[in-house]
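The values are calculated or read from the model by the stated rules, or taken from the named source; none is laboratory data. These figures come from a predicted structure and were not determined experimentally. A quick note on method: Cβ atoms are made from the backbone with ideal geometry, for glycine too, and the neighbour counts reach across all protein chains shown. Accessible surface is based on the protein model in full, side chains and every heavy atom, while ligands, DNA and RNA are left aside. Shrake-Rupley method; radii C 1.70, N 1.55, O 1.52, S 1.80 Å.
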Amino acid sequence: TRISTNIAGGQSLDAIAVAHSNAAYIYASNQRNLYYTTNTGSSWNSASISSFSENITSIEVHPTNPAIIWVTLSGYNSSNKVFYSTNSGASWTNISSGLPNVPVNKIVYEKGSSDILYVGTDTGFYYKNGTDNWQAYNTNLPLTQVRDIELQYSDKKIRIGTHGRGIFESDFMSEILLD
């Protein structure tokens, strides 16, 4: 069922995320534009994205608060890789410290953690624990483009899909940090 009418001006959407805690919240992006609905598509709003200098590549919604989101950006602007919003994109906090100056392709939040985030970049895989800076998490991973991240909660495993190098698996960072 169609839930929007031309929200991106006839352009294709690049990323879509639905809030697990409230399916009425849907976020969608087209290049540097971020759109959202809080009523399952009856009406759409544009988020404030004046600080974004590159295209949006991924959107992640907090598992229990649908107004908290993260977006990742493409491009080579060293200070603009990952942004965080607590109000559906009305304002943003840059949380890019520690990431290399390469495109960031995907972001995933580990549910039930102390705010652990994972990102896949053009040169590897990184994690962030709460307010800490991003850190590389590339054990046994070749220097490669990470395009997708899936979390398998029953086994507490991270699975990442790369461009041309296959699929890699590791333990959740929350499990490693406990050791």
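Things to note:
- The phi-based Karplus calculation (6.51 cos²θ - 1.76 cosθ + 1.60; θ = phi - 60°) puts the 3J(HN,Hα) values of the stretch 143-158 at 5, 8, 7, 9, 9, 8, 9, 10, 10, 9, 5, 5, 9, 6, 10, 9 Hz, whole numbers, x for Gly and Pro.
- When the chain is treated as a Gaussian network with alpha carbon springs shorter than 10 Å, the biggest mean-square fluctuation among Ile56, Ile167, Ile69 belongs to Ile167.
- For the chain, built as a Gaussian network whose Cα springs stay under 10 Å, the top-fluctuating residue of Ser58, Ser29, Ser113: Ser113
- For Asn55, residues with placed amide H under 5 Å, excluding near neighbours: Ser74
- Ellipticity estimate at 222 nm from DSSP helix runs (n ≥ 4, -39,500 (n - 2.57)) divided over the chain, nearest 500: -1000 deg cm²/dmol
- Point-to-point label distance, Asn77-Lys111, nm (Cα→Cβ direction, 7 Å offset): 3.3 nm
- Average accessible surface area per residue within the stretch 2-89, 1.4 Å rolling probe, Å²: 46 Å²
- Using a Förster distance of 35 Å, the FRET efficiency for Thr5-Ser174 (Cβ separation, nearest 0.05): 0.25
- Remark on Asp148: its backbone amide H falls under 5 Å from those of Gly161, a criterion applied only to residues 5 or more positions apart or on other chains, H modelled at 1.01 Å from N.
- For the chain, a Gaussian network of Cα nodes joined below 10 Å ranks Ile49, Ile59, Ile160 by mean-square fluctuation, and the top entry is Ile49.
- Loop sites by DSSP among the chymotrypsin sites (Phe, Trp or Tyr not before Pro) of the chain, restricted to those with at most 15 other Cβ atoms within 10 angstrom, leave 77-152 as the longest stretch without any of them.
- Inter-label distance for Ala136 and Asn45, nm, one decimal - labels placed 7 Å from Cα along Cα-to-Cβ: 4.1 nm
- Sequence-distant aspartates and glutamates (8 or more away, or on other chains) whose Cα lies within less than 15 Å of Lys157: Glu110, Asp148, Glu169, Asp171, Glu175
- The H on the amide N of Leu34, modeled in the peptide plane, is under 5 Å from the matching H of Ala47, each at least 5 residues off or on a different chain.
- Across the stretch 49-58, computed HN-Hα scalar couplings (Karplus, 6.51 cos²θ - 1.76 cosθ + 1.60, θ = phi - 60°) run 10, 4, 8, 7, 9, 9, 6, 6, 10, 7 Hz from first to last residue, x flagging Gly and Pro.
- Fraction of accessible area attributable to carbon and sulfur, the stretch 1-157 (%, probe 1.4 Å): 42 percent
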